Structure formats: structure tokens, C-alpha cells
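Asks: Pasting a structure here, questions to come.
The values are calculated or read from the model by the stated rules, or taken from the named source; none is laboratory data. As the structure is a computational prediction, the values presented were derived from the model and not from experiment. Cβ: placed from backbone, ideal geometry, glycine included. Neighbour counts: every protein chain shown.
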Ligand code: ITT
């Protein structure tokens, strides 16, 4: 493999909020990152894995095989202690199909309306996986988390998904009230990408 030729890596997600974050977080890695929006449409795979890692692996492998390319996917979500870990791996489908991010956030707030501050602990989790066709069953993976609490009301307009109700530990602001660099510094996705970056760079260099 010639390290002088940047390799193509798909950013294998249909979620535009994730794409924006990945593009920032992967900026320093010498590869040609291509979003699915630049490629012919492909339906998303059904995510029936039991864990974030299972689903991330399933997505990375699906897109990697479909486009015959290296692919990086994440499966992520919000784990709320007072809800026994829900919405967890079902975060994107919480409340059923057809809901918007805002609908899901409103549903979470109303479900938790009686939960006192001390019991509102939660974390965002992100499993990131990279694979490419030549790796067969092998893959690179890393997990990132950020601990925090669910706010009592929505605040902020940045980010996406559940950001308006997630307050990281040590912060008063939700992640939707932070600018993108601040969120990247502490986010589950930022932590996962920082953890996988050295192995990804080695893979791209053919080591
Ligand atoms: P892909 O599977 O195509 O990547 P998706 O949105 O379906 O897109 P997931 O299955 O991983 O992705 O679902 C992630 C859910 O968790 C989704 O509802 C997000 O809004 C939420 N989520 C994940 N990371 C988040 C973040 O950084 N901020 C806010 N919400 C987040």
C-alpha cells in the first residue's frame, strides 16, 4: 500500500449531526473521508444487535461491503439510569418510528418529569468501528462515554438529538449550549475517535 496516496474511508452514517462531528474529529487523520451523502443512496441496515458495539460493527461491515471501501461507523445513544438504561441502543427509535429528535427529547422529559435531580444520572455512549473488505472478520473498535444528567427542560440549539437535555458532569450547560469544539473535547464521540485514532492511522499506513 502506498502511504502517499490517501485512502478512502466512508463516514458510514445517515445521521447528518454525526457526519458533522466526524468530519471535525477526523480532520487531522490523513485519509480521504467520504460521506454517504456523496454516494448513491443505500438503505440503512436494520440494527438488531444487543450492544452498541454489535450495531456499530454491523453498520461498518454493511457499508464497507456495499461500497467495497474502508468504512467507519458508530452506534451511539443515551443510557439513563432512572429508566434502567433506556433508551440505550434504541435511542434513535425511542417512542417508535416517525418521531423527530425533538419529539424523542420531549418524550424523555415527560417520562422523567417525576425523577428528582439526584436520580437523573445518564451517559452518552459511542462505539466506533472501522473495517474494510480485506480485513475479513477483523475490525478496529473503541468505546467512548461521557457522564452527566438529564436536565428538566431543553436548553440550547447546537448539536443534535438529545443534546438539549444532556448536562455533562462538571457543567451547568447542556451540550446543545456548547460550541462544537467544546462538545468535541468532552463528548462520547470525541472520546471514541481519540481512542481509535492511533490504530486507524496505523491501518491507513499499512503497518
Ligand atoms: P446511523 O445509524 O445511520 O449512524 P442513527 O441516528 O440511526 O444514524 P444510531 O442508531 O447510533 O444512529 O442512534 C443514535 C441515537 O442517539 C440518535 O437518536 C441520536 O440522536 C442519539 N445521539 C447519539 N449521539 C448523540 C449526540 O452526540 N448528541 C445527541 N444525541 C445523540
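Asks: Only one residue in 50, 44, 73, 92 is within 8 Å of the ligand (Cβ to nearest atom), surrounded by fewer than 16 Cβ atoms within 10 Å (Cβ to Cβ), modelled with pLDDT of 95 or more and more than 15 Å from residue 123 (Cβ to Cβ). Which one?
Replies: On the way: 50 fails: within 8 Å of the ligand (Cβ to nearest atom); 73 fails: surrounded by fewer than 16 Cβ atoms within 10 Å (Cβ to Cβ); 92 fails: surrounded by fewer than 16 Cβ atoms within 10 Å (Cβ to Cβ).
Among 50, 44, 73, 92, only 44 is within 8 Å of the ligand (Cβ to nearest atom), surrounded by fewer than 16 Cβ atoms within 10 Å (Cβ to Cβ), modelled with pLDDT of 95 or more and more than 15 Å from residue 123 (Cβ to Cβ).
Asks: Could you tell me whether region 97-111 includes any residue that is buried (at least 19 other Cβ atoms within 10 Å of the Cβ), outside any helix (DSSP H, G or I), at pLDDT 95 or above and within 12 Å of the ligand (Cβ to nearest atom)?
Replies: No, there is no match, as no residue in region 97-111 is buried (at least 19 other Cβ atoms within 10 Å of the Cβ), outside any helix (DSSP H, G or I), at pLDDT 95 or above and within 12 Å of the ligand (Cβ to nearest atom).
Asks: Which residues, counting only those in region 112-129, are surrounded by fewer than 20 Cβ atoms within 10 Å (Cβ to Cβ) and within 21 Å of the chain's Cα centre (by Cα)?
Replies: 121, 123
Asks: Would you please name the residue that is surrounded by the fewest Cβ atoms within 10 Å (Cβ to Cβ), looking only at residues in region 1-24 that are within 11 Å of the ligand (Cβ to nearest atom) and part of a helix (DSSP H, G or I)?
Replies: The extreme case among them is 16.
Asks: Taking region 149-164, which residues are touching a residue at least 24 places away in the same chain (Cβ under 8 Å), within 11 Å of the ligand (Cβ to nearest atom) and on the phi < 0 side of the Ramachandran plot?
Replies: Answer for region 149-164, where residues must be touching a residue at least 24 places away in the same chain (Cβ under 8 Å), within 11 Å of the ligand (Cβ to nearest atom) and on the phi < 0 side of the Ramachandran plot: 158, 160, 162, 164.
Asks: How many residues are outside any helix (DSSP H, G or I) and within 19 Å of the chain's Cα centre (by Cα) when one looks only at region 64-95?
Replies: Going through region 64-95 one residue at a time, the tally reaches 15.
Asks: All but one of (1) closer than 19 Å to residue 80 by Cα; (2) more than 10 Å from the ligand (Cβ to nearest atom) hold for residue 182, so report the exception by its number.
Replies: (1)
Asks: Filtering region 29-41 down to residues that are part of a loop (DSSP other than H, G, I, E, B) and touching a residue at least 24 places away in the same chain (Cβ under 8 Å), which residue is farthest from the ligand (Cβ to nearest atom)?
Replies: Taking region 29-41 and keeping what is part of a loop (DSSP other than H, G, I, E, B), we get 29-31, 39-41.
Now narrow it down to the ones that are touching a residue at least 24 places away in the same chain (Cβ under 8 Å): 29-31, 39.
Details: 29: 19, 30: 24, 31: 19, 39: 13 Å.
Ranking the candidates gives 30 first.
Asks: Continuing with the same structure: Six or more apart or on different chains, Cβ under 6 Å: which pairs go from a residue in region 64-80 that's over 20 Å from residue 148 (Cα atoms) and without any contact (Cβ under 8 Å) to a residue 60 or more places away in the chain to one that's outside any strand (DSSP E or B) and within 12 Å of the ligand (Cβ to nearest atom)? Could you list them?
Replies: Qualifying pairs under 6 Å: 66/42.
Asks: A follow-up question, please. Among the residues of region 165-177, is any modelled with pLDDT of 95 or more, surrounded by 18 or more Cβ atoms within 10 Å (Cβ to Cβ), within 11 Å of the ligand (Cβ to nearest atom) and under 17 Å from residue 20 (Cα atoms)?
Replies: Within region 165-177 (the criterion being modelled with pLDDT of 95 or more, surrounded by 18 or more Cβ atoms within 10 Å (Cβ to Cβ), within 11 Å of the ligand (Cβ to nearest atom) and under 17 Å from residue 20 (Cα atoms)), the answer is yes, since at least one residue qualifies.
Asks: Failed condition for residue 132, given (1) closer than 19 Å to residue 189 by Cα; (2) over 17 Å from the mean Cα position of the chain (by Cα); (3) surrounded by 22 or more Cβ atoms within 10 Å (Cβ to Cβ), with all others met?
Replies: In the conditions (1) closer than 19 Å to residue 189 by Cα; (2) over 17 Å from the mean Cα position of the chain (by Cα); (3) surrounded by 22 or more Cβ atoms within 10 Å (Cβ to Cβ), residue 132 misses (1) alone.
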